[in-house]
Amino acid sequence: VASRAGRVGVPAAARRAASLPAGTLREVARGRGLVVVDRADPGYPRRLAELPDGPDVLFLRGSLPSDVPAVAIVGTRRCTGYGTGLARRFAAAIAQAGWCVVSGLARGIDGAAHEGSLEGAALGTASGPGIAVLGSGADVCYPPEHRRLADRLVGGGGAIVSEYPPGARPLGWRFPPRNRIIAGLAEAVVVVESAERGGALVTAAAGAELGRSVFAVPGDVDRSASRGCNLLIRDGAAPVLDPDDLLEALSLVGPPVRERSDPLETAILGAVRTPMALDVLVDRVGGDPAVVMATVTRLEIEGVVRRDGSGAVVGR
């Protein structure tokens, strides 16, 4: 509305796109394989509806998870190998635990988070691997080399989302506003690596303004890729050190990580109310020892069981 009225300085092409009739936009979107969801639609994300400046319309490929808690994982494009590995592990643990991972499909930390979410969703009970929010039209993949990653997200039950109309190019001015959508969709924001300035810090600030919990991974004080995270922690963000640490923290700020529907998981959790050696646990719950050990490992990643000093398994 503001752009159509000329109160906001945006490119002429954006103003023309905003001026298209709603019916025309829907026809164009359908022709490009997109779904249009507006605030009156029951499929419009509940948490975005709470935003005073939430988008009136979303264009999407795929399916938005229904009533699944979400975590935004964001960070710099100029990341380290340590950062990408940690982002991938965080996302895999979150998705495997049944939460939705939200990020921006960018190079670096975002891409690693989406890769991890696909791995975790394949092992867990989530309705999909997560959501990628673009600074372009939902039919315009940016960066281009992440096209296959985007297709895998959609194919796995996730979604590609944008507030921009079909065909919108990835212009620089479009990215800061999309960060409020990333933060708005989530229960919490996790910044893995960030320089002193950047989009990840914009997302964290948006999350803090919305009352979302903000977490950051501490790093070397003289490493530029960690400068932003260290400043966030100095200013009140909660530090997180590994996936177990994050899952434990998320259990305090959101709904339970997930309901237990797997009989083997239920049997294991019932057996380890007191410490139990792994071989004894395998005998107690029965079944294939390899499957039991893999399930114990998954529960460790989720942070609901741990190993004590002797290596015995015990519930947290």
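Worth a mention:
- Only a single item in (1) out of contact with any helix residue (DSSP H, G or I) (no Cβ under 7 Å at 6 or more places or on another chain); (2) at pLDDT 80 or above; (3) in a helix (DSSP H, G or I); (4) open to solvent by less than 40 Å² (accessible area, probe 1.4 Å) is not met by A290, and it is number (4).
- Members of segment 1-52 found to be in a loop (DSSP other than H, G, I, E, B), modelled with pLDDT of 85 or more and either open to solvent by less than 50 Å² (accessible area, probe 1.4 Å) or not basic (K, R) (or both), listed by number: G33, L34, A40, D41, Y44, P45
- Single condition E115 does not satisfy, out of (1) open to solvent by 40 Å² or more (accessible area, probe 1.4 Å); (2) assigned to a strand (DSSP E or B): (2)
- R148 passes every criterion in (1) open to solvent by 20 Å² or more (accessible area, probe 1.4 Å); (2) part of a helix (DSSP H, G or I); (3) touching a helix residue (DSSP H, G or I) at 6+ places or on another chain (Cβ under 8 Å) apart from (3).
- Taking residues in segment 29-47 that are free of Cβ contacts under 8 Å to residues at least 12 places away in the same chain, and partners anywhere that are part of a strand (DSSP E or B) and hydrophobic (A, V, I, L, M, F, W, C), the pairs with Cβ atoms closer than 8 Å and at least 6 places apart or on different chains are R30/V36.
- Residue list for segment 57-95, filter: of a type in the set (S, T, Y) and assigned to a helix (DSSP H, G or I): Y82, T84
- Residues being open to solvent by 60 Å² or more (accessible area, probe 1.4 Å), in a helix (DSSP H, G or I) and out of contact with any Leu (no Cβ under 9 Å at 6 or more places or on another chain) - total across segment 293-316: 1
Residues checked against (1) in contact (Cβ under 8 Å) with a residue 60 or more places away in the chain; (2) touching a Pro at 6+ places or on another chain (Cβ under 8 Å):
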site	(1), (2)
G83	yes, no
L86	yes, no
A93	yes, yes
Q96	yes, no
V101	no, yes
D110	no, no
E115	no, no
G120	no, yes
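- Within the option set A122, A132, being crowded, with 22+ Cβ neighbours inside 10 Å and among the small types (G, A, S) holds for one residue only, A132.
- Top-ranked residue in segment 53-70 [being over 15 Å from A186 (Cβ atoms) and under 15 Å from the mean Cα position of the chain (by Cα); ranked as most open to solvent (accessible area, probe 1.4 Å)]: S66
- Residue in segment 171-180 that is buried (at least 24 other Cβ atoms within 10 Å of the Cβ), farther than 18 Å from V37 by Cβ and within 11 Å of the chain's Cα centre (by Cα) present: no
- Sole exception among (1) at pLDDT 80 or above; (2) exposed (fewer than 15 other Cβ atoms within 10 Å of the Cβ); (3) of a type in the set (A, V, I, L, M) for V253, by number: (1)
- Of the set (1) within 15 Å of the chain's Cα centre (by Cα); (2) charged (D, E, K, R); (3) open to solvent by less than 20 Å² (accessible area, probe 1.4 Å), all apply to E265 but (1).
- Test: A132 is in a loop (DSSP other than H, G, I, E, B) and modelled with pLDDT of 90 or more: no
- Inspection of segment 181-190 finds no residue satisfying the criterion of being open to solvent by 20 Å² or more (accessible area, probe 1.4 Å), free of Cβ contacts under 8 Å to residues at least 24 places away in the same chain and under 18 Å from L48 (Cβ atoms).
The values are calculated or read from the model by the stated rules, or taken from the named source; none is laboratory data. Quick caveat: nothing in here was measured; it's all calculated off a predicted structure. Quick reminder, even Gly has a Cβ in these numbers, built from the backbone with ideal geometry, and neighbours come from all protein chains shown. What goes into the accessible areas is simple: the full protein's heavy atoms, side chains included, and nothing from ligands, DNA or RNA. Shrake-Rupley method; radii C 1.70, N 1.55, O 1.52, S 1.80 Å.
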